[in-house]
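Data first, discussion second: the structure below is written as structure tokens.
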Amino acid sequence: MILLLVFLPLVMALVAGLGGRLIGHKAAKIVTTGGLFTSAALAWVIFSQFWLPNPAYGLHLGPYTVPVLDWIQSGDLSVHWALKVDTLTAVMLVVVTSVSALVHLYSWGYMEEDPSQSRFFAYLSLFTFAMLMLVTADNLVQMFFGWEGVGLASYLLIGFWYHKPSANAAAIKAFVVNRVGDFGFSLGIFATFMVFGTVSIDAILAAVPGQAGATFSFLGARFDVMTTLCLLLFVGAMGKSAQLGLHTWLPDAMEGPTPVSALIHAATMVTAGVFMVCRLSPMFEASLTAQAVVTYVGAATALFAASVALVQTDIKRVIAYSTCSQLGYMFFAAGSGAYGAAMFHLFTHAFFKALLFLGAGSVIHAMHHEQDMRFYGGLRKHIPVTFWLMTIGTLALTGFFFTAGYYSKDAILEAAFASGTSHGQFAFFVGALVALLTSFYSWRLVFLTFYGAPRWAGSEHIQHALHDAHGHDDHAHDHGHDAHAHHAPATVTGGYHPHESPISMLIPLFVLGAGALGAGWLWHENFVGAEQGGAFWRGSLAFREHLMHAMHEVPAWVVWTPSIAFFLGLAGAWFAYLRNPALPGRAAGALPAVYAFLTHKWYFDELYDALFVRPSFAIGRFLWVRGDQQTIDRFGPDGAAAAVAGGARAAGRFQSGYVYSYALVMLVGLAAAAAWVFVGGPAVGGQ
């Protein structure tokens, strides 16, 4: 079952990618989408085996490993390709395959007119296979294989519209920034093998207690072994999960098609770092310093991303920064020791964040690919299904009572407070502030998009749509159909009329909406329950039962803090964007430095450009001009070629064709030979 689940997307990717022109777009879509729904069904079967009691034994199914092949054997390094299945794997299988299957179905409508549909669906399936390889990895080398695979697939998907320079730049940026994190991850794998003598995850985790407190010497100083290993591995997690410092690629990745944003940057690829930290949680448990670093980085990322999201105008970028912020929640939950809560938020977040991204895609589809919320307004009457489903996603994200986010986000904040550590307390208060900001910018998105007067007239995209609709109106009437599917027809008054998305795009929204509403109350006892949590996880991650008990004993004000933050943020957004719409502009004018700081995203891009990009280009130009052209080429191949050419030109001057010229040369040569013999040559006859 697990072999079919994992390798079916790869087979479908090869069929669609290599045979797309032969079988056609529709067949490629059917093959890849059918394969993903099959994998998703198998994933839910496996998950239910760990979640539901086994009727034969009254127990949950235990972890198991399915061997595939012997992969690498080099000296002491032995790597077997095997698929590890336990509760942690089962959770990730459900998240990856379910969201991917729904994104495939959604893409039927969203990418309907794209001429490269087969390639797009092949990339989606390839990405899914790489992610499945990552989450089923039995060893660190296999995990790194999947890790790099999702990096490659994300590069292909972000730059799918390669004719756009901005998409190419975003794809390269994502690839380069992730290489920085992956370098740290690879160093962590090397160091882990050097310390433990194996890359098998089970063997490493079993040997961790023996390395607790061990140190090594470097440059005359002593360093803790486990802290060093965990920090190196965490650098990889920072890159893949867009944590502060290595986050700059995530917002730019919105240049890819919206289904890509939902798949990669909401539910799957960006959660790889969280999964890795939870998979190796016994290692992090052996280093309080590493846990503190994870907590502080996660809390700082959550605050940074939430503050920047306050001023974004692109609907997809608001949700992208929200993703970055929620990943910070997951990391500081893990750093506080609540790995179950981190995975719980990962699980619920997949539903409501994919819902928001796909809902945003439905809005963009209705508004002729306009993504600037300043040109929206009043859409709830025109696309009511999308409106209500995005409202459900927003309620879940902001933690409204009994939605999925209410259970998982509250669990994180309560666990951070109950951890009893200084970094946990810090994370709690930062997380409470971020909850307030999250509620504000999330409802700001809803109010700007669906409420108020329509502001469509200022949109260049809409004006093009109106022009095309009017230009083709007579032609469309003669042929008995509307204008282009993406060009909504003009109304009687000549205005633009947004349209609801096709059913293939709405069905995934309904499914994700159900998950955003019900995933929290249905599974919270399994993920973070003090009584059921240990039996559910069955050792697949470090589960602190005493912390889960302590969560239920925190003061009442801690329990109510997230809900208070929700209502304060909702009220603030209502007042600023519905009651007094001029207020945000006045606030930006009154605080220009703060507004510039946030709109420039804390100046990280400018800082990196000054520190790394421009110096790198300057060094490259210097080495190219001075080193390559003026030194290597000048004295190497170009110099040798020039010498040969010059000699040939000089020799050519003697080839005049006149006999007296040749006689003169012969006489000069004879005289030179005679002079050499008489002056400095060898003695004649050996004398």
List every residue pair whose Cβ atoms sit under 6 Å apart, with the two residues 6 or more apart in sequence or on different chains, where the first one lies in region 488-509 and is assigned to a loop (DSSP other than H, G, I, E, B) and the second, anywhere, is of a type in the set (D, E, K, R) and modelled with pLDDT under 80. PRO489/ASP482
Please verify whether region 212-219 includes one or more residues that are out of contact with any Ser or Thr (no Cβ under 9 Å at 6 or more places or on another chain) and assigned to a helix (DSSP H, G or I). no
Selection status of ALA153, open to solvent by less than 50 Å² (accessible area, probe 1.4 Å), small (Gly, Ala, Ser), assigned to a helix (DSSP H, G or I) and modelled with pLDDT of 95 or more: no
Consider ALA651 against the criteria (1) part of a helix (DSSP H, G or I); (2) more than 30 Å from GLY627 (Cα to Cα); (3) open to solvent by 70 Å² or more (accessible area, probe 1.4 Å): it satisfies all of them except one. Which criterion is unmet? (3)
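In this structure, does MET390 turn out to be within 15 Å of THR449 (Cβ to Cβ), among the aliphatic types (A, V, I, L, M), crowded, with 24+ Cβ neighbours inside 10 Å and out of contact with any Leu (no Cβ under 6 Å at 6 or more places or on another chain)?
The answer is yes for MET390.
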Mind checking whether some residue in region 247-257 is surrounded by 21 or more Cβ atoms within 10 Å (Cβ to Cβ) and among the charged types (D, E, K, R)? yes
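Yes/no per residue for (1) charged (D, E, K, R); (2) within 22 Å of SER459 (Cα to Cα):
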site: VAL293; (1), (2): no, no
site: ALA299; (1), (2): no, no
site: ALA302; (1), (2): no, no
site: SER325; (1), (2): no, no
site: ALA354; (1), (2): no, no
site: GLY361; (1), (2): no, yes
site: ASP372; (1), (2): yes, yes
Given (1) touching a residue at least 60 places away in the same chain (Cβ under 8 Å); (2) over 30 Å from PHE604 (Cα atoms); (3) not hydrophobic (A, V, I, L, M, F, W, C), identify the lone condition not met by LYS164. (2)
May I ask you to list the residues in region 118-150 that are assigned to a helix (DSSP H, G or I), open to solvent by 10 Å² or more (accessible area, probe 1.4 Å) and not small (Gly, Ala, Ser)? ARG119, TYR123, LEU126, PHE129, VAL141, PHE144, PHE145, GLU148
Residue among TRP521, TRP574 that alone is open to solvent by 20 Å² or more (accessible area, probe 1.4 Å), at pLDDT 95 or above and in a helix (DSSP H, G or I): TRP574
Step by step: first the residues of region 350-364, then only those that are of a type outside the set (A, V, I, L, M, F, W, C) and under 17 Å from LEU448 (Cα atoms), then the one that is surrounded by the fewest Cβ atoms within 10 Å (Cβ to Cβ). Which residue is that? SER362
Quick one: would you say THR271 is open to solvent by less than 20 Å² (accessible area, probe 1.4 Å) and either within 16 Å of GLY151 (Cβ to Cβ) or in a strand (DSSP E or B) (or both)? yes
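The values are calculated or read from the model by the stated rules, or taken from the named source; none is laboratory data. On a predicted model such as this, the values are computed, not experimentally measured, just so you know. Note that we place each Cβ from the backbone using ideal geometry, even for glycine, and neighbour counts take in every protein chain shown. Ligands, DNA and RNA are stripped out before the accessible areas are found, and what is left, the full protein with its side chains, is counted by its heavy atoms. Shrake-Rupley method; radii C 1.70, N 1.55, O 1.52, S 1.80 Å.
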